Amino acid sequence: MYSRKLLVSLILICFHGGGSSKFGLPATGLFIQNVSADAAVSSAIAAELRGMLAKGQLGNNLSSAGYREQVKRLYEAASFAPLWIKDDQPTSQATYLIGALRASRLKGLNPGDYDAEGLARQSKSLKDASAAVQASFDASLTLATMRYISDLRIGRINPEHLKFGIDVKSKKYNLPEFIAQQVVNAGNVESVLDQIEPPYAGYRRIEASLKQYVALAAKGDGAQVPGGAKTVAPGDPYTGTAQLAARLRLLGDLPQGGSFDSYSGGLVEGVKHFQARHGLATDGKLDAATLRELNTPLSERVQQIDDALERWRWMPTEFQQPPVLVNIPEFRLRAYSDDHQLALSMKVVVGKAAPTKTPVFTDDIQYIVFRPYWNVPPGILRRTVIPGIMKNSGYLARERFEVTDSRGRAVSPNDDLVAGLRSGKYFIRQKPGPNNSLGLVKFMFPNSHSVYLHSTPSTELFAKSRRDFSSGCIRVEKPAELAALLLRNQPDGQQPWNVARAQAAMDSGKDNRQVNLAVSVPVLILYVTAVAEEDGTVHFFDDIYGHDKRLNALLTKGPPYP
């Protein structure tokens, strides 16, 4: 496995920068050392805890779904002695935990999910409180701590509920054991909690930006940036320069000081900087898209950062090889070298927002095919190819299609072609060549979505700022460079793979040549609309598939989350 050092160095999604964790827990048994100095004489509290847990009551109004049995296991291991109270006062660990829960907003979480303020009030009134009140506080803090650790570790929403192919189960902690052995008697609770979170530099950067945007949102959005009847180009008359300058300064896209009488010079450069941060064409024009992004409420930017943090927490924390990452709404791929550095960054074209979205999932690239055939998927066959055949007898020849049987052998079409295609007797594939829909190379990670990376003859699409044009697969801007990187540790005969050799295999090599990777490479197809760069610059992207909207609808309902 690659070490934590690699994982911190890789920046996954943002790009520059577990199953197992550093917390080794025994396979069986819980042991809680010195739970409380007066645990032996806390029989009244223990009796209250025993009674509460027997009834499934955990001391507050928070839903305990999914945690009730785990809380019970933890207290059974402690003989129902309180975990967080010593001498009628909260332990130092309890005090830190409550502070962390109250500050969880700056982790992109909701303090109300943990009854943070209620716990803070209760912690101040434990002295001489009844055994029932102390038991209620102790159980409530245990439940809140379990939920908080889980939320930091794997997120609040299970990505599989959103039909994402990301499995977080292997990252789950055994919460009773983890809390018993790592938290209850921790000398430094902050360090324990810190190492629960994703170990990626990109996560830390976007988390740091949240504090900035929460503070900006609290100050208010300021005056709206006015638009006009038409797009305002640099040098055009524009009466909204004061509002525009104020907004750009607020967001950090324009230096403080000075005034502008016209839309020109530094003000245009500020707009271009803003456009670059928001996935827009950097032409300096105040068009509808730019004005919409300028006037987006800062509370929505905060929510985008919250969503980014949630999705970071879904990600795997260990890889056999440095991964290839695709961020769908950013339209960008990043790949990493053996020395953990960013080796490649390139534009991509992804699936149309409707109806052929690129799915969100993780897998492993297993092999590369140079000069591939394109086996036409059933959906495209039904929607495009069969109607084309029915309209024009020369359609197949024009598109360089050929008919195959179920074993992939080319056959001569006959009068039952259309019926055979509909029944599954025949299939259609496009011959290799520069005009093949897959271009000259494809990168395969066999999956149920039939999605893969490939080159394209339609390279002009990479010049567009929004690039959702495909039928679900991902078109890459620099295919030879990606092939050379993936094959860097294995020879081609007696020669090493490099960009020139990969390009030659694409241009004039053997048709449909499959090259298996000696070691498969993880590929993560992700969806994050807020990304922080190494210099702290935050980029925001459109929610092109509506995934943020669906995630937020679930989070708004509060716990228990699906």
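Do you know which residues across segment 163-174 are over 16 Å from the mean Cα position of the chain (by Cα) and either buried (at least 16 other Cβ atoms within 10 Å of the Cβ) or over 26 Å from Pro562 (Cβ atoms) (or both)?
Scanning segment 163-174 gives Tyr173, Asn174.
Please pick out the residue among Ser209, Ser264, Ser259 that is modelled with pLDDT of 95 or more, farther than 30 Å from Trp312 by Cα and not assigned by TED's automatic domain parsing to the domain that holds Ile85.
Ser264
Show me the helices (runs of 4 or more DSSP H) found entirely inside segment 441-556 where at least 2 residues are more than 25 Å from Thr290 (Cα to Cα), in contact with a strand residue (DSSP E or B) (Cβ under 9 Å, 6 or more places away or on another chain) and of a type in the set (A, V, I, L, M, F, W, C).
In segment 441-556, 479-486, 499-508 are the helices (runs of 4 or more DSSP H) which contain 2 or more residues that are more than 25 Å from Thr290 (Cα to Cα), in contact with a strand residue (DSSP E or B) (Cβ under 9 Å, 6 or more places away or on another chain) and of a type in the set (A, V, I, L, M, F, W, C).
Quick check on segment 400-419. Is at least one of its residues touching a helix residue (DSSP H, G or I) at 6+ places or on another chain (Cβ under 8 Å) and β-branched (Val, Ile, Thr)?
Yes, segment 400-419 has at least one match.
Rundown of residues vs (1) under 20 Å from Gln57 (Cα atoms); (2) outside any helix (DSSP H, G or I); (3) acidic (Asp, Glu), yes/no style:
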position	(1), (2), (3)
Asp128	no, yes, yes
Ala144	yes, no, no
Arg147	yes, no, no
Leu152	no, no, no
Ile157	no, yes, no
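Take Val538 and decide whether it is within 30 Å of Tyr373 (Cβ to Cβ) and within 18 Å of the chain's Cα centre (by Cα). Steps first, please.
Values: within 30 Å of Tyr373 (Cβ to Cβ): no; within 18 Å of the chain's Cα centre (by Cα): yes.
Spelling it out, it is not the case that Val538 is within 30 Å of Tyr373 (Cβ to Cβ) and within 18 Å of the chain's Cα centre (by Cα).
Among the numbered conditions (1) more than 23 Å from Arg50 (Cβ to Cβ); (2) hydroxyl-bearing (Ser, Thr, Tyr); (3) under 27 Å from the mean Cα position of the chain (by Cα), tell me where Thr145 comes up short.
Among (1) more than 23 Å from Arg50 (Cβ to Cβ); (2) hydroxyl-bearing (Ser, Thr, Tyr); (3) under 27 Å from the mean Cα position of the chain (by Cα), the lone unmet condition for Thr145 is (1).
Pick from segment 405-456 the residues that are surrounded by fewer than 19 Cβ atoms within 10 Å (Cβ to Cβ) and of a type in the set (D, E, K, R): which of them is farthest from Val326 (Cα to Cα)?
Result: Asp415.
Taking segment 36-47 only, how many residues are under 23 Å from Ser92 (Cβ atoms) and either at pLDDT 90 or above or not assigned by TED's automatic domain parsing to the domain that holds Ser130 (or both)?
2
Residues that are of a type in the set (A, V, I, L, M) and within 24 Å of Arg313 (Cα to Cα): does segment 73-93 have at least one?
no
May I ask you to list the residues in segment 291-329 that are of a type in the set (D, E, K, R) and either modelled with pLDDT of 95 or more or part of a helix (DSSP H, G or I) (or both)?
Quick first cut of segment 291-329, residues of a type in the set (D, E, K, R) only: 292-293, 300-301, 306-307, 310-311, 313, 318.
Arg292, Glu293, Glu300, Arg301, Asp306, Asp307, Glu310, Arg311, Arg313, listed by residue number.
Report whether or not Asn436 is within 28 Å of Ser508 (Cβ to Cβ) and under 39 Å from the mean Cα position of the chain (by Cα). Full working, then the answer.
On the way: within 28 Å of Ser508 (Cβ to Cβ): yes; under 39 Å from the mean Cα position of the chain (by Cα): yes.
Here the answer is yes, as Asn436 does meet what is asked.
Listed residues Leu250, Leu280; which is of a type in the set (A, V, I, L, M) and either buried (at least 19 other Cβ atoms within 10 Å of the Cβ) or under 30 Å from Ser150 (Cα atoms) (or both)?
Values: Leu250 fails: either buried (at least 19 other Cβ atoms within 10 Å of the Cβ) or under 30 Å from Ser150 (Cα atoms) (or both).
Going through Leu250, Leu280 in turn, just one is of a type in the set (A, V, I, L, M) and either buried (at least 19 other Cβ atoms within 10 Å of the Cβ) or under 30 Å from Ser150 (Cα atoms) (or both): Leu280.
Taking the condition of being in contact with a His (Cβ under 9 Å, 6 or more places away or on another chain) and of a type in the set (A, V, I, L, M), how many residues in segment 252-272 meet it?
Summing the residues that are in contact with a His (Cβ under 9 Å, 6 or more places away or on another chain) and of a type in the set (A, V, I, L, M) in segment 252-272 gives 1.
Restricting attention to segment 224-265, report how many residues are among the small types (Gly, Ala, Ser) and closer than 27 Å to Asp307 by Cβ. Before you say what the answer is, go through the steps one by one.
Filtering segment 224-265 down to residues among the small types (Gly, Ala, Ser) leaves 227-229, 233, 235, 240, 242, 245-246, 252, 257-259, 262, 264-265.
Narrowing the set further to residues that are closer than 27 Å to Asp307 by Cβ leaves 252.
Qualifying residue count, segment 224-265: 1.
Could you list, in sequence order, all residues of segment 77-104 that are surrounded by 17 or more Cβ atoms within 10 Å (Cβ to Cβ) and assigned to a helix (DSSP H, G or I)? Before you say what the answer is, go through the steps one by one.
Step one: list which residues in segment 77-104 are surrounded by 17 or more Cβ atoms within 10 Å (Cβ to Cβ), which gives 77-78, 80-86, 90-91, 93-94, 96-98, 100-101, 104.
Within segment 77-104, Ala77, Gln93, Ala94, Tyr96, Leu97, Ile98, Ala100, Leu101, Ser104 meet the criteria.
For Leu244, indicate whether it is aliphatic (A, V, I, L, M) and crowded, with 19+ Cβ neighbours inside 10 Å.
Considered against the rule, which asks whether it is aliphatic (A, V, I, L, M) and crowded, with 19+ Cβ neighbours inside 10 Å, Leu244 comes out as yes.
Between residues in segment 120-134 that are closer than 19 Å to Tyr96 by Cβ and residues that are of a type in the set (Asp, Glu) and modelled with pLDDT under 95, which pairs lie under 6 Å by C-beta distance while being six or more apart or on different chains?
Leu126/Asp88
For segment 65-102: of the residues being polar (S, T, N, Q) and more than 15 Å from Ile149 (Cβ to Cβ), which is nearest to the chain's Cα centre (by Cα)? Break it down stepwise before answering.
Keep residues of segment 65-102 that are polar (S, T, N, Q), which gives 70, 79, 89, 91-93, 95.
From the residues that got through so far, the ones that are more than 15 Å from Ile149 (Cβ to Cβ) too are 79, 89, 91-92, 95.
Working: Ser79: 41, Gln89: 41, Thr91: 36, Ser92: 35, Thr95: 32 Å.
Only one residue fits best here, namely Thr95.
Exactly one condition in (1) assigned to a helix (DSSP H, G or I); (2) modelled with pLDDT under 95; (3) over 29 Å from the mean Cα position of the chain (by Cα) is not met by Gly202; state its number.
For Gly202, the failing item is (3).
Which one of these is within 25 Å of the chain's Cα centre (by Cα), farther than 24 Å from Arg156 by Cβ and surrounded by 14 or more Cβ atoms within 10 Å (Cβ to Cβ): Arg550, Arg466, Arg501, Arg513?
Arg466
Here are Glu190, Glu177, Glu160: which of them is among the charged types (D, E, K, R), over 22 Å from Val523 (Cα atoms), assigned by TED's automatic domain parsing to the domain that holds Leu97 and surrounded by fewer than 19 Cβ atoms within 10 Å (Cβ to Cβ)?
After applying the criteria, what remains is Glu190.
Just need a number here: residues in segment 211-242 that are over 30 Å from Leu106 (Cβ atoms) and not in a helix (DSSP H, G or I).
15
Which residues, taken from segment 243-284, are polar (S, T, N, Q) and not in a loop (DSSP other than H, G, I, E, B)?
Gln243, Gln275
The values are calculated or read from the model by the stated rules, or taken from the named source; none is laboratory data. Here the structure is a predicted model, which is why all the values come from computation and not from measurement. Every residue, glycine among them, receives a Cβ derived from its backbone with ideal geometry; neighbour counts consider all protein chains shown.
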